1. Which is acidic (Asp, Glu) and either touching a Leu at 6+ places or on another chain (Cβ under 7 Å) or closer than 23 Å to Thr119 by Cα (or both), of Asp45, Asp76?
2. Which of the residues that make up region 131-162 are of a type in the set (A, V, I, L, M, F, W, C), open to solvent by 30 Å² or more (accessible area, probe 1.4 Å) and touching a Ser or Thr at 6+ places or on another chain (Cβ under 9 Å)?
3. Which residues, counting only those in region 130-150, are farther than 16 Å from Phe114 by Cβ and either in contact with a Gly (Cβ under 8 Å, 6 or more places away or on another chain) or assigned to a helix (DSSP H, G or I) (or both)?
4. Just wondering, is there one or more residues in region 151-172 that are in a strand (DSSP E or B), within 19 Å of Glu57 (Cα to Cα) and not polar (S, T, N, Q)?
5. Looking at (1) open to solvent by 50 Å² or more (accessible area, probe 1.4 Å); (2) closer than 26 Å to Glu39 by Cβ; (3) in contact with a Lys or Arg (Cβ under 9 Å, 6 or more places away or on another chain), which is the one condition that is false for Ile74?
6. Examine region 46-57 for a residue that is of a type in the set (Asp, Glu) and surrounded by fewer than 16 Cβ atoms within 10 Å (Cβ to Cβ), and state whether such a residue exists.
7. Considering only region 26-45, state which residues are in a loop (DSSP other than H, G, I, E, B) and at pLDDT 90 or above.
Amino acid sequence: MSVDEVLARVLQLAGRRADGRVVVPLVELTGGEPLLQEEIYPLADKLLAAGYTLLIETSGERSIARLPKDVIKIVDVKCPDSGEADTFLGSNLEFLRAQDEVKFVISTRRDYEFAREFTKQHGLGDRVKAVLFSPVFADPEGKWQALEPRTMVEWILADGLPVRLGLQLHKFVWHPATKGV
């Protein structure tokens, strides 16, 4: 689909009220890595110009520097036990604004301690709107175990961290292995 076709589809899905206002003025682009698509930049410009609040969730391995300043960026920082810890692009920290969010998906105590120290070292609690600590669900094929949300909440409370617990609600509503939800 072209940028204009995507924009037309968003307009169709969002709906309009009788006065012309958009019914659903929020769009989040995620899934895979949106910044791999060069079209993300003109699409972001057009969505913002059309009056949408735009969130882009990225793995943190690609530069966010080119995104328009009004885009709310949700940037993942990969923890050690993710197997992708060395993929985070540190220069992305320079481009975070007060409206943005930083997310850690945490599977072990070691991941938690990494996320805690990264958050403190980079002053994320004072730099962004939210720091999200999200416990990992068990792999349906048994490759890794889940981290119980309660366990992580106890760690967060014990450390008094300025973070928010992020639960992947679709994994509560549907089976965690369900794709496309």
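The values are calculated or read from the model by the stated rules, or taken from the named source; none is laboratory data. Computed from a prediction, not measured in an experiment: that's the story for all the values here. Virtual Cβ from ideal backbone geometry, glycine too; neighbours counted across all protein chains shown. Only protein heavy atoms, including side chains, enter the accessible area calculation; ligands, DNA and RNA are left aside. Shrake-Rupley method; radii C 1.70, N 1.55, O 1.52, S 1.80 Å.
1. Numbers: Asp45 fails: either touching a Leu at 6+ places or on another chain (Cβ under 7 Å) or closer than 23 Å to Thr119 by Cα (or both).
Within the list Asp45, Asp76, the selection yields Asp76.
2. Just the residues of region 131-162 that are of a type in the set (A, V, I, L, M, F, W, C), to begin with: 131-133, 136-138, 144, 146-147, 152-153, 155-158, 161.
Checking the rest, the ones that are also open to solvent by 30 Å² or more (accessible area, probe 1.4 Å) come to 137-138, 144, 146, 153, 155, 157-158.
Across region 131-162, the qualifying residues are Trp144, Ala146.
3. Pro149, Arg150
4. Pass one, region 151-172, residues in a strand (DSSP E or B): 164-165.
Imposing the further condition that a residue be within 19 Å of Glu57 (Cα to Cα) reduces the set to 164-165.
After this cut, where a residue has to be not polar (S, T, N, Q) as well, the list is 164-165.
The answer is yes, given that some residue of region 151-172 is in a strand (DSSP E or B), within 19 Å of Glu57 (Cα to Cα) and not polar (S, T, N, Q).
5. If we test Ile74 against (1) open to solvent by 50 Å² or more (accessible area, probe 1.4 Å); (2) closer than 26 Å to Glu39 by Cβ; (3) in contact with a Lys or Arg (Cβ under 9 Å, 6 or more places away or on another chain), just (1) comes out false.
6. If we filter region 46-57 for residues that are of a type in the set (Asp, Glu), which is where we start, we get 57.
The next check asks that each one be surrounded by fewer than 16 Cβ atoms within 10 Å (Cβ to Cβ); those that pass are none.
Within region 46-57 (the criterion being of a type in the set (Asp, Glu) and surrounded by fewer than 16 Cβ atoms within 10 Å (Cβ to Cβ)), the answer is no, since none of the residues qualifies.
7. Glu33, Gln37, Glu38, Glu39
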